[in-house]
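A quick write-up on the structure given underneath.
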Amino acid sequence: MYSFEQLKIFVTVCECGSFSAAARKLKRAQSGVSQSVANLEVAINQELFLRDKNIPRLTSNGQALLPIAKSILNQQQYFDQKVESLDNSIENELVIAIDECLVSQSILKVLSMMAEQFPTTHFEVITASTYDIEELVRSSKAHVGIIFSDGELKEDMDFFTLGQTRFLYVTSPTHPLANLTVVRDSDLKMHRQIVHRNATQKELWFSYGISSKFWYANRHDMLAKLASQGTGWALIPDEMAVPFIAQGELVHLPVAHEIDGWLTTNGCLVSRCHSSGPVLERLLEALKFT
């Protein structure tokens with residue numbers, strides 16, 4: 001019967017290109033490495049290397065078995081990591097809900113870092129609207145929620161601020177509002193507004209409907225696409241608006257009372273229904289520095 005150690009030596013020889021190089025990497029005697037490979041060949045009744053030259057060359061059977069050996073070793077490593085995580089009380093799963101407008105490069109870098117540091121923890125990332133995320137955290141369906149903050153104290157959840165997001169008033173270049181040098185509330189109210197509203201018909205406190213005519217969508221990227229077709233005007237995050245503006249599909253409206261757009265705070269909700277383990281603690285620490 002072959003062993004994990006024999007498979008490891010076999011793979012190392014393939015990666016290093018020779019028995020001597022593999023011996024140096026494994027800090028073993030070359031004779032021991034050669035004997036281990038020979039024992040593996042006997043155990044599986046297959047010739048893995050051609051030894052007619054100084055540099056060992058894989059046989060066709062060896063080439064077929066190499067990726068399987070690597071896979072077995074990866075699974076063994078994962079198994080060992082999982083056992084270690086159970087001993088250290090590392091969480092098996094973490095659910096993170098993020099407002100679709102707040103999926104930034106800095107957030108993605110944090111998630112990538114978490115994947116490297118905690119390879120045995122299963123992460124579920126959910127994108128939704130702020131109000132839906134609040135409910136996910138409140139009902140214990142998410143450990144963490146990244147949302148737009150309304151400034152109200154959440155008695156059943158913890159919260160800390162992450163930063164601010166700028167929203168711009170936009171519409172199509174062919175829309176009548178695009179011709180105005182200054183846009184006033186009375187002008188906005190005369191034209192159709194495309195309003196962000198979640199599945200339970202809740203509107204964000206800073207982008208609620210003020211016009212006499214409305215269309216609704218539950219994603220800001222859909223607001224942007226509808227506005228670019230001349231359907232109406234909308235308030236969307238500047239990062240989402242900039243590519244449309246650069247391509248000439250949207251224009252930024254110079255609204256009189258908010259020439260530079262609307263700044264709103266975003267932050268992180270943390271459920272109090274889940275015990276705080278090392279994965280959650282590391283995630284929160286990383287988010288505070290995004």
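Go through Gly32, Gly17 for me and flag whichever is in contact with a Pro (Cβ under 9 Å, 6 or more places away or on another chain) and not assigned by TED's automatic domain parsing to the domain that holds Thr120. Explain how you work it out, then say what you get.
Values: Gly32 fails: in contact with a Pro (Cβ under 9 Å, 6 or more places away or on another chain).
After ruling out the rest, the residue left standing is Gly17.
Mind checking which strands (runs of 3 or more DSSP E) fall wholly inside region 116-211 and carry at least 2 residues that are under 29 Å from Val95 (Cβ atoms), free of Cβ contacts under 8 Å to residues at least 40 places away in the same chain and not aromatic (Phe, Trp, Tyr)? Please lay out each step first, then the result.
On the way: elements: 122-128, 144-148, 157-171, 193-196.
It comes to 122-128.
For the structure I just gave you, tell me whether His175 is farther than 30 Å from Met157 by Cα and crowded, with 19+ Cβ neighbours inside 10 Å.
Working: farther than 30 Å from Met157 by Cα: yes; crowded, with 19+ Cβ neighbours inside 10 Å: yes.
Considered against the rule, which asks whether it is farther than 30 Å from Met157 by Cα and crowded, with 19+ Cβ neighbours inside 10 Å, His175 comes out as yes.
Which of the residues spanning region 240-289 are among the β-branched types (Val, Ile, Thr) and either under 30 Å from Leu180 (Cα atoms) or in the same structural domain as Asp185 (by TED's automatic domain parsing) (or both)?
At the first step, the residues of region 240-289 found to be among the β-branched types (Val, Ile, Thr) are 242, 245, 251, 255, 259, 264-265, 270, 279.
If the condition is that a residue be among the β-branched types (Val, Ile, Thr) and either under 30 Å from Leu180 (Cα atoms) or in the same structural domain as Asp185 (by TED's automatic domain parsing) (or both), then Val242, Ile245, Val251, Val255, Ile259, Thr264, Thr265 are the ones that fit.
Quickly run through region 4-55 and pick out the residues that are β-branched (Val, Ile, Thr) and in a helix (DSSP H, G or I).
Restricting attention to region 4-55, the residues satisfying the condition of being β-branched (Val, Ile, Thr) are 9, 11-13, 33, 37, 42, 44, 55.
Scanning region 4-55 gives Ile9, Val11, Thr12, Val13, Val33, Val37, Val42, Ile44.
Please verify whether Asp187 is buried (at least 16 other Cβ atoms within 10 Å of the Cβ) and among the acidic types (Asp, Glu), treating the condition exactly as stated. Write out each step before concluding.
On the way: buried (at least 16 other Cβ atoms within 10 Å of the Cβ): yes; among the acidic types (Asp, Glu): yes.
Judged against the criteria, Asp187 is a match.
In region 258-287, how many are at pLDDT 85 or above and either in contact with a Ser or Thr (Cβ under 9 Å, 6 or more places away or on another chain) or not charged (D, E, K, R) (or both)?
Residues flagged as at pLDDT 85 or above and either in contact with a Ser or Thr (Cβ under 9 Å, 6 or more places away or on another chain) or not charged (D, E, K, R) (or both) within region 258-287 amount to 19.
Would you confirm, using the coordinates I've provided, whether Val279 is closer than 28 Å to Arg138 by Cβ, touching a residue at least 40 places away in the same chain (Cβ under 8 Å) and either under 26 Å from the mean Cα position of the chain (by Cα) or assigned to a strand (DSSP E or B) (or both)? Before you say what the answer is, go through the steps one by one.
Values: closer than 28 Å to Arg138 by Cβ: yes; touching a residue at least 40 places away in the same chain (Cβ under 8 Å): yes; either under 26 Å from the mean Cα position of the chain (by Cα) or assigned to a strand (DSSP E or B) (or both): yes.
Yes; evaluated as a whole, the condition is true for this residue.
Have a look at Ile126, Ile44, Ile68 and point out the one that is closer than 30 Å to Phe148 by Cβ and at pLDDT 90 or above.
Values: Ile44 fails: closer than 30 Å to Phe148 by Cβ; Ile68 fails: closer than 30 Å to Phe148 by Cβ.
Residue meeting the stated conditions: Ile126.
Of Ala199, Ala224, Ala217, Ala241, which residue is touching a Leu at 6+ places or on another chain (Cβ under 8 Å) and farther than 24 Å from Ile259 by Cβ? Give the derivation first.
Numbers: Ala199 fails: touching a Leu at 6+ places or on another chain (Cβ under 8 Å); Ala224 fails: farther than 24 Å from Ile259 by Cβ; Ala241 fails: farther than 24 Å from Ile259 by Cβ.
Residue meeting the stated conditions: Ala217.
When region 244-262 is examined, which residues are found to be in contact (Cβ under 8 Å) with a residue 60 or more places away in the chain and over 15 Å from Ala234 (Cβ atoms)?
Those that are in contact (Cβ under 8 Å) with a residue 60 or more places away in the chain and over 15 Å from Ala234 (Cβ atoms): Gly248, Pro254, Ala256, His257, Asp260.
Can we say Ile107 is within 27 Å of Val279 (Cβ to Cβ), touching an Asp or Glu at 6+ places or on another chain (Cβ under 8 Å), surrounded by 15 or more Cβ atoms within 10 Å (Cβ to Cβ) and touching a residue at least 24 places away in the same chain (Cβ under 8 Å)? Quick ask: steps written out before the conclusion?
Details: within 27 Å of Val279 (Cβ to Cβ): yes; touching an Asp or Glu at 6+ places or on another chain (Cβ under 8 Å): no; surrounded by 15 or more Cβ atoms within 10 Å (Cβ to Cβ): yes; touching a residue at least 24 places away in the same chain (Cβ under 8 Å): yes.
No, not satisfied.
Among the numbered criteria (1) surrounded by 13 or more Cβ atoms within 10 Å (Cβ to Cβ); (2) in contact with a helix residue (DSSP H, G or I) (Cβ under 6 Å, 6 or more places away or on another chain), which single criterion is violated by Ala241?
Condition not satisfied by Ala241: (2).
Met1 versus (1) more than 40 Å from the chain's Cα centre (by Cα); (2) in contact (Cβ under 8 Å) with a residue 40 or more places away in the chain; (3) in a helix (DSSP H, G or I): which is the lone unmet condition?
Single failed check for Met1: (3).
Inspect region 74-84 for any residue being in contact (Cβ under 8 Å) with a residue 40 or more places away in the chain and not aliphatic (A, V, I, L, M) and give the result as yes or no.
Let us first name the residues in region 74-84 that are in contact (Cβ under 8 Å) with a residue 40 or more places away in the chain, namely 76, 78.
Keeping just the survivors that are not aliphatic (A, V, I, L, M) gives 76, 78.
So far as region 74-84 goes, yes, one or more of its residues are in contact (Cβ under 8 Å) with a residue 40 or more places away in the chain and not aliphatic (A, V, I, L, M).
The values are calculated or read from the model by the stated rules, or taken from the named source; none is laboratory data. What you are looking at is a predicted structure, and each value in this text was computed from that prediction instead of being measured. Here the Cβ is made from the backbone with ideal geometry for all residues, glycine too, and neighbour counts use every protein chain on show.
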